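Reading through the structure tokens given below for one structure.
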């Protein structure tokens, strides 16, 4: 019964999504026709094809065919176009509201929309490729000495990011002088740049690195990603526990919260869940227990199991406005530090992007966490 309700909910969401897309295409076509003084007929087709292209190439980026040089260029173009179309729609609607009072001519209307869309998208791209160090402070019981940890997540290496971006991240991380580095998944989003050379700068890190895989690593090939990371000295955790710097660290493979969870993106069905793993978790009471998992789900089970700190990524914090608003309602722990019972949860917005290589309303971040 529950599965039927979940299926019905997804169908309704899908129908609502296509209805919104249809309205958006109609609006863009009519307002563009107003700007250029033409009929909107061909514009309906043009915007439809543009959106189809953005979805095909954006969501096909993890496929091997996307590594073809021509497809790589098309991926970069259409993924960027997805963001441009989103903000073209938003800005056009905003200017239309002003238009009720100002009564712009078609030329002025088009100029204002074009300038603001170009400025906003350009700023979003620059913001996305300039990772910042985000400070955070966490107090944990039974910690014998302070630990400075870096939380790195969602680098999304592939079509837009390669070795040069990894080098920027490494320089930033070394600047923070951490004792330990936690990497909570989505290292790669595409087979493009999936090689040892891309990850070579990680050898320059001056602290031990612990990695757990994310959903995009699975799309690319989890075993391949883990193999490359091990070759550059990263410790890959596969639902196992280690001790380092006075912390008990448990790294979980990418999994669903529980058997009923239908929202974890492409997590293996029928395998371990956060709920089942938490029941087997052995907490060494003299050490703070830190759990690494890509998706900040299943918090209620980990809190019950006595976890002190839960570190994750996955959400991107919403990445783009107004998706930030949506994410805040979809994810219990969307971005930043939360207290959940006796447990603290930190979800990082991550240092990469998915889809449009833009961040508007969020920051590309590396979290520097002082644990006391």
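The values are calculated or read from the model by the stated rules, or taken from the named source; none is laboratory data. Quick caveat, the model's predicted, so the values are computed rather than measured. Don't worry about glycine lacking a Cβ; one is built from the backbone with ideal geometry, like all the others, and counts go over all protein chains shown.
Kindly indicate which of 34, 18 is in a helix (DSSP H, G or I) and either crowded, with 18+ Cβ neighbours inside 10 Å or touching a helix residue (DSSP H, G or I) at 6+ places or on another chain (Cβ under 8 Å) (or both). Write out each step before concluding.
Numbers: 18 fails: either crowded, with 18+ Cβ neighbours inside 10 Å or touching a helix residue (DSSP H, G or I) at 6+ places or on another chain (Cβ under 8 Å) (or both).
Exactly one residue qualifies, and that residue is 34.
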Completion exercise
Quick count over segment 306-327, residues being free of Cβ contacts under 8 Å to residues at least 60 places away in the same chain, surrounded by 24 or more Cβ atoms within 10 Å (Cβ to Cβ) and out of contact with any helix residue (DSSP H, G or I) (no Cβ under 6 Å at 6 or more places or on another chain), is 3
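Is it true that some residue in segment 215-234 is part of a strand (DSSP E or B), at pLDDT 95 or above and within 20 Å of residue 366 (Cβ to Cβ)?
Step one: list which residues in segment 215-234 are part of a strand (DSSP E or B), which gives none.
Checking segment 215-234: not a single residue is part of a strand (DSSP E or B), at pLDDT 95 or above and within 20 Å of residue 366 (Cβ to Cβ).
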Problem - Considering residues of segment 61-86 that are touching a helix residue (DSSP H, G or I) at 6+ places or on another chain (Cβ under 6 Å) and assigned to a loop (DSSP other than H, G, I, E, B) only, the residue surrounded by the most Cβ atoms within 10 Å (Cβ to Cβ) - result: 61
Exercise for the section: Report, by residue number, each residue of segment 180-208 that is within 28 Å of residue 245 (Cβ to Cβ) and either free of Cβ contacts under 8 Å to residues at least 12 places away in the same chain or assigned to a loop (DSSP other than H, G, I, E, B) (or both). Expected result: 184, 185, 186, 187, 205, 206, 207, 208
Practice task
Spot the failing condition for residue 303; the list is (1) surrounded by fewer than 22 Cβ atoms within 10 Å (Cβ to Cβ); (2) in contact with a helix residue (DSSP H, G or I) (Cβ under 7 Å, 6 or more places away or on another chain); (3) under 18 Å from residue 331 (Cα atoms), and only one is missed.
Solution key: (2)
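Could you say whether any residue in segment 51-64 is closer than 18 Å to residue 106 by Cβ and either modelled with pLDDT of 95 or more or more than 21 Å from the chain's Cα centre (by Cα) (or both)? Explain how you work it out, then say what you get.
Taking segment 51-64 first, the residues closer than 18 Å to residue 106 by Cβ are none.
No: zero hits.
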Exercise for the section: Please tell me if residue 122 is in a helix (DSSP H, G or I), more than 30 Å from residue 307 (Cα to Cα) and in contact with a helix residue (DSSP H, G or I) (Cβ under 8 Å, 6 or more places away or on another chain). Expected result: no
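Just to be sure before I move on: is residue 24 part of a helix (DSSP H, G or I), surrounded by 13 or more Cβ atoms within 10 Å (Cβ to Cβ), modelled with pLDDT of 90 or more and within 29 Å of the chain's Cα centre (by Cα) in the structure I sent?
Details: part of a helix (DSSP H, G or I): yes; surrounded by 13 or more Cβ atoms within 10 Å (Cβ to Cβ): yes; modelled with pLDDT of 90 or more: yes; within 29 Å of the chain's Cα centre (by Cα): yes.
It is true that residue 24 is part of a helix (DSSP H, G or I), surrounded by 13 or more Cβ atoms within 10 Å (Cβ to Cβ), modelled with pLDDT of 90 or more and within 29 Å of the chain's Cα centre (by Cα).
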Handout entry: Answer residue from segment 337-372, given it is without any contact (Cβ under 8 Å) to a residue 60 or more places away in the chain and more than 23 Å from residue 122 (Cα to Cα) and is surrounded by the fewest Cβ atoms within 10 Å (Cβ to Cβ) among those
Key = 339
Completion exercise
Only one of (1) crowded, with 22+ Cβ neighbours inside 10 Å; (2) on the phi > 0 side of the Ramachandran plot does not apply to residue 182, and that is (2)
Exercise for the section: State the number of residues belonging to segment 144-179 that are part of a loop (DSSP other than H, G, I, E, B) and either more than 28 Å from residue 284 (Cβ to Cβ) or touching a residue at least 60 places away in the same chain (Cβ under 8 Å) (or both). Expected result: 14
Practice task
Check off (1) surrounded by fewer than 16 Cβ atoms within 10 Å (Cβ to Cβ); (2) touching a strand residue (DSSP E or B) at 6+ places or on another chain (Cβ under 8 Å) for residue 271 and give me the number that stays unchecked.
Solution key: (2)
Exercise for the section: Look through 83, 46 and report the one residue that is modelled with pLDDT of 85 or more and under 21 Å from residue 330 (Cβ atoms). Expected result: 83
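Run down 220, 209, 290, 242 and say which single residue is touching a strand residue (DSSP E or B) at 6+ places or on another chain (Cβ under 8 Å) and surrounded by fewer than 20 Cβ atoms within 10 Å (Cβ to Cβ). Steps first, answer last, please.
Values: 220 fails: surrounded by fewer than 20 Cβ atoms within 10 Å (Cβ to Cβ); 209 fails: surrounded by fewer than 20 Cβ atoms within 10 Å (Cβ to Cβ); 290 fails: surrounded by fewer than 20 Cβ atoms within 10 Å (Cβ to Cβ).
Result of the check over 220, 209, 290, 242: 242.
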